[in-house]
Structures are given as structure tokens and as C-alpha cells.
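*Asks:* Sharing a structure here in C-alpha cells format.
The values are calculated or read from the model by the stated rules, or taken from the named source; none is laboratory data. Here the structure is a predicted model, which means the values were calculated and not measured. Ideal geometry is used to build each Cβ from the backbone, glycine not excepted, and the neighbour counts take in all protein chains shown.
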Amino acid sequence: MIRHLATLLALALALTTGAAAQDDDTARDFAGDRYLSGTTPDSTTPVAGDLFAAGERVDVDGEIGGAAHLAARRISLTAPVGDDLYAAGMDVRVAAPVESAATLAGYDIEVAAPVGGNLRAFGRHLAIGSDVGGSVIAAAQTIELSGTVAGDADLTVDDISFGPGASVAGTLTLRGITEAEAAVPEGLAGDVRYLELPPGAEGFGERPAMELPGLGEIVLAAVAAFVVGVLIVTALALAAASLAPLRVEEAVERSFHSPGGTLWAGILTLSLILGGALVLALTGIGALALPLVFFAAFLLAVAGYVMGSYAIGARILRDETHGAPDRFGPRAGAALLGAALVALLALIPFAGWLVVLAVALFGLGVILPATARMGEGAAA
């Protein structure tokens with residue numbers, strides 16, 4: 001069955017592509033078979049062999065001696081099929097007898113004529129209004145059974161109804177529906193079984209709508225994320241300024257005496273790291289260390305952002321109070337002020353990322369002299 005469905009889908013793709021390229025319907029007979037494509041290809045004359053048809057709408061009014069392979073948005077079969085029927089579309093209507101089995105896929109499927117073999121149908125709505133000489137396997141949201149089934153019937157369904165002439169000679173298996181919901185008439189089938197669907201294989205019913213957050217919740221989440229980010233940067237900057245207060249204060253003071261040089265130092269530092277990573281990759285063996293190099297560059301960028309934010313806050317606080325933040329309280333204020341200001345500037349559309357990049361590079365330039373002097377002090 002899967003092989004035939006794959007063939008049918010491939011036929012639909014090939015023929016509908018050709019139909020889209022031209023407005024006129026095309027027909028070709030070869031080795032007793034007929035091939036139709038176009039917008040509304042109609043088969044009005046008998047076909048001794050198989051029929052292959054694809055288009056926007058396919059109407060089959062001529063008898064088919066072999067099998068029928070149909071793919072279209074709307075399919076109407078009003079002439080007998082001497083072998084199997086394979087049909088896939090949105091609306092599929094079978095109004096003429098099918099000698100052998102029928103495999104149908106669509107949104108609305110109607111079987112209004114006898115099927116000599118097995119019936120396989122998969123869609124949204126399925127109506128079986130005529131007799132089936134074999135067994136039925138089907139899956140749909142709603143199924144209406146009004147004909148007789150000579151074999152078994154295995155139906156996966158959410159809502160099922162039975163007409164006055166409905167009967168199943170073998171076992172009727174209903175999946176995804178309870179006995180109370182199905183309300184199978186007494187004596188309709190030789191045996192009736194009810195099976196639950198496995199976890200994750202829900203039926204075709206309406207899925208619960210995904211709850212989307214309201215505007216207030218979105219705004220609240222955005223504000224909370226902003227505040228948390230500012231507090232994290234503040235805490236990191238305050239920790240750095242408290243661990244090495246003199247070195248950080250000197251580096252911040254020097255950075256604003258030469259802001260351009262500080263920014264340029266940060267750019268050169270990051271460029272050397274990334275350029276060194278490229279040279280390392282060319283050695284082959286060094287390529288294994290690339291993840292560590294990039295991770296180190298990321299950590300340096302984060303550290304630069306933190307220190308750059310603190311430097312900006314310290315500078316503003318110094319201009320307002322005419323003194324450098326030399327105690328815990330002023331340092332905390334400088335860290336919070338800088339983190340909040342840079343975070344607000346980062347929200348500027350299209351230019352915010354440039355602000356973040358500039359602050360990170362500037363902060364990286366601030367870090368370099370501070371770490372260098374700490375190293376000199378340790379050596380001494």
C-alpha cells in the first residue's frame with residue numbers, strides 16, 4: 001500500500017508540475033494505458049489498461065479496464081474501474097463500482113458505489129454509503145457507515161455514525177472512541193472491540209489551543225529580564241572593583257584620558273585572539289584547541305562589557321560628585337548606573353548592538369592596563 005501511495009504522490013508531483021506550466025490539458029496513450037494532466041483533465045472514453053491522471057480537478061466518466069491512479073484537488077469517479085483505485089485529493093468522490101481494492105486519501109471522502117476488495121481511506125470526513133467486498137481500514141475525524149462490510153473493519157475515529165443499512169460481517173475495531181461515544185447498534189457487527197490510542201497518537205479532534213501570553217505578561221517578562229540582566233552586570237562589576245579597587249580606579253581614570261586609545265586597544269586585543277585562532281587552525285593539530293580559544297574570546301568580551309559599563313558609571317558619578325567612587329556604596333552606585341545606562345542604550349533599534357560591541361571593546365581596553373599593573377605588582 002505504501003508503495004502505491006508513493007507512486008501516486010510522485011505522479012501528482014510530476015503531472016501537476018507539467019500542468020502548471022501550461023493551461024491546456026494533455027493526454028497520452030501508451031501500451032494500453034492513458035496519461036492525463038492539466039487543469040481539468042477528463043477521461044470520457046474507455047481505457048483498456050490503467051489510467052494516470054493529475055490536475056486541479058479530475059473527472060473520470062469513461063470505463064477503466066485496469067487500475068486508476070488519480071491525484072487532484074477534486075476527484076470524481078463516475079465510471080467503473082476494473083482493478084484497483086488509488087486516489088488522493090481534497091475532495092474524493094467514488095460514484096462507480098471498483099472491482100478490486102480502493103486506497104483513498106483526502107479531506108472529504110465519499111464512497112457511494114461498491115468496492116469489490118479492501119477499502120483503505122484516510123481523511124478528515126469519510127462517508128461509506130455502499131458495500132465493501134473485503135475489509136475496511138480507515139482513519140478520520142468523522143466516519144459515516146451506511147453500507148455493508150464483508151470482512152473486518154478497523155476504524156480510528158473521533159465521531160462515528162451508522163446508517164440503517166450498516167453492517168460488518170467480521171470484527172469491528174474502534175480506536176480512539178469509547179463504547180458510549182460510538183453507540184454501535186446491537187447486532188451491527190459479529191464482534192466489537194474498543195481500543196485506546198497509544199500515548200502521543202491522539203485522534204483527529206480539535207486540539208486544545210495553545211495559550212499565548214497576553215501583552216501584560218510579555219511586558220512583565222521583558223522588564224524582569226532587563227532588571228535581572230542589569231543586576232548580574234552590576235554584581236560582576238562591583239566584585240571586580242572591590243577585589244582590586246586601586247587598579248580598577250587607575251585603569252578607569254586612564255581610559256577616559258584617552259578613550260580612543262582604550263577602544264583601539266580593545267579592538268587590537270580581540271583581533272589578535274581571533275587572528276591567532278585562524279593561524280592555530282592552519283596547523284591542523286591546533287584546530288582541536290579552537291573551541292577553547294573562541295570560549296576565551298567570549299569570556300573576554302563579557303568581561304569587557306562588564307568593565308566598560310562600570311567605567312561609564314564611574315565616570316558619570318565622578319563628574320556629578322567630583323570624586324572617584326572609592327568606597328563600597330559609590331562603587332555599587334557606579335556599577336548599577338553604568339549597567340542600567342548601557343542596557344537602555346542597547347535597546348535602541350538597529351544601533352543597540354553597536355553600543356554593546358563598543359562598550360565591550362572599550363572595557364577590554366580598560367582591563368588590559370589593570371591586569372598588566374596587577375602582574376607587575378605581583379612580580380615585585
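*Asks:* In the range 105-136, how many are among the aliphatic types (A, V, I, L, M), in contact with a Phe, Trp or Tyr (Cβ under 9 Å, 6 or more places away or on another chain) and either without any contact (Cβ under 8 Å) to a residue 24 or more places away in the chain or crowded, with 24+ Cβ neighbours inside 10 Å (or both)? Quick ask: steps written out before the conclusion?
*Replies:* Going residue by residue through the range 105-136, those that are among the aliphatic types (A, V, I, L, M) are 105, 109, 111-113, 115, 119, 121, 126-128, 132, 136.
With in contact with a Phe, Trp or Tyr (Cβ under 9 Å, 6 or more places away or on another chain) added as a condition, the list becomes 105, 109.
Cutting the leftovers down to either without any contact (Cβ under 8 Å) to a residue 24 or more places away in the chain or crowded, with 24+ Cβ neighbours inside 10 Å (or both) gives us 109.
The total comes to 1.
The rows are residues; the columns are (1) over 28 Å from D29 (Cβ atoms); (2) outside any strand (DSSP E or B).
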site	(1), (2)
G66	no, yes
Y86	no, no
A96	no, yes
G117	no, yes
A121	yes, no
A140	yes, no
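*Asks:* Right, S76: among the polar types (S, T, N, Q) and outside any strand (DSSP E or B) or not?
*Replies:* Numbers: among the polar types (S, T, N, Q): yes; outside any strand (DSSP E or B): no.
Considered against the rule, which asks whether it is among the polar types (S, T, N, Q) and outside any strand (DSSP E or B), S76 comes out as no.
*Asks:* Determine, yes or no, whether R247 is surrounded by 10 or more Cβ atoms within 10 Å (Cβ to Cβ), in the same structural domain as L361 (by TED's automatic domain parsing) and modelled with pLDDT of 80 or more.
*Replies:* Details: surrounded by 10 or more Cβ atoms within 10 Å (Cβ to Cβ): yes; in the same structural domain as L361 (by TED's automatic domain parsing): yes; modelled with pLDDT of 80 or more: yes.
Yes, satisfied.
*Asks:* Of the numbered conditions (1) in contact with a strand residue (DSSP E or B) (Cβ under 6 Å, 6 or more places away or on another chain); (2) crowded, with 20+ Cβ neighbours inside 10 Å, R57 fails exactly one; give the number of that condition.
*Replies:* Only one criterion is unmet by R57, namely (2).
*Asks:* Tell me whether the range 154-177 contains one or more residues that are in contact (Cβ under 8 Å) with a residue 12 or more places away in the chain, buried (at least 22 other Cβ atoms within 10 Å of the Cβ) and under 19 Å from P80 (Cβ atoms).
*Replies:* No; the residues of the range 154-177 include none that is in contact (Cβ under 8 Å) with a residue 12 or more places away in the chain, buried (at least 22 other Cβ atoms within 10 Å of the Cβ) and under 19 Å from P80 (Cβ atoms).
*Asks:* Which one of these is outside the structural domain of L145 (by TED's automatic domain parsing), at pLDDT below 90 and among the hydrophobic types (A, V, I, L, M, F, W, C): A235, A189, A182, A222?
*Replies:* Working: A235 fails: at pLDDT below 90; A189 fails: outside the structural domain of L145 (by TED's automatic domain parsing); A182 fails: outside the structural domain of L145 (by TED's automatic domain parsing).
Every option except A222 fails the conditions.
*Asks:* Further question: Name the single residue that is farthest from V359 (Cα to Cα) among those in the range 239-274 being in a helix (DSSP H, G or I) and of a type in the set (S, T, N, Q). Walk me through how you get there before you give the answer.
*Replies:* So in the range 239-274, the residues in a helix (DSSP H, G or I) come out as 239-243, 245-257, 259-274.
Right, trim to of a type in the set (S, T, N, Q) and you get 242, 255, 262, 269, 271.
Working: S242: 21, S255: 12, T262: 11, T269: 14, S271: 16 Å.
The qualifying residue farthest from V359 (Cα to Cα) is S242.
*Asks:* Let me ask something additional. Taking I267 and the conditions (1) exposed (fewer than 14 other Cβ atoms within 10 Å of the Cβ); (2) modelled with pLDDT of 85 or more, which numbered condition does it fall short on, given that it satisfies the others?
*Replies:* (1)
*Asks:* Please determine whether any residue of the range 321-341 is free of Cβ contacts under 8 Å to residues at least 60 places away in the same chain, under 23 Å from A265 (Cβ atoms) and of a type outside the set (G, A, S). Don't jump to the end; show me each part of the working.
*Replies:* Going through the range 321-341, the residues free of Cβ contacts under 8 Å to residues at least 60 places away in the same chain turn out to be 321-323, 327, 329-330, 333, 337, 341.
Next cut, under 23 Å from A265 (Cβ atoms) only: 341.
Right, trim to of a type outside the set (G, A, S) and you get 341.
Scanning the range 321-341 turns up at least one residue that is free of Cβ contacts under 8 Å to residues at least 60 places away in the same chain, under 23 Å from A265 (Cβ atoms) and of a type outside the set (G, A, S).
*Asks:* In the range 154-172, is there at least one residue being acidic (D, E) and either at positive phi or part of a loop (DSSP other than H, G, I, E, B) (or both)? Step through it out loud before you land on a result.
*Replies:* Residues of the range 154-172 that are acidic (D, E), as a first pass: 154, 158-159.
From the residues that got through so far, the ones that are either at positive phi or part of a loop (DSSP other than H, G, I, E, B) (or both) too are none.
For the range 154-172, residues acidic (D, E) and either at positive phi or part of a loop (DSSP other than H, G, I, E, B) (or both): absent.
*Asks:* Consider the range 88-104. How many of its residues are without any contact (Cβ under 8 Å) to a residue 60 or more places away in the chain and farther than 15 Å from P114 by Cβ?
*Replies:* Pass one, the range 88-104, residues without any contact (Cβ under 8 Å) to a residue 60 or more places away in the chain: 89-102, 104.
In the following step, the residues that additionally are farther than 15 Å from P114 by Cβ were identified as 89-92.
Total meeting the criteria: 4.
*Asks:* Of everything in the range 15-60, what is at pLDDT 90 or above, closer than 19 Å to R73 by Cβ and charged (D, E, K, R)? Give them in sequence order.
*Replies:* R57, D59
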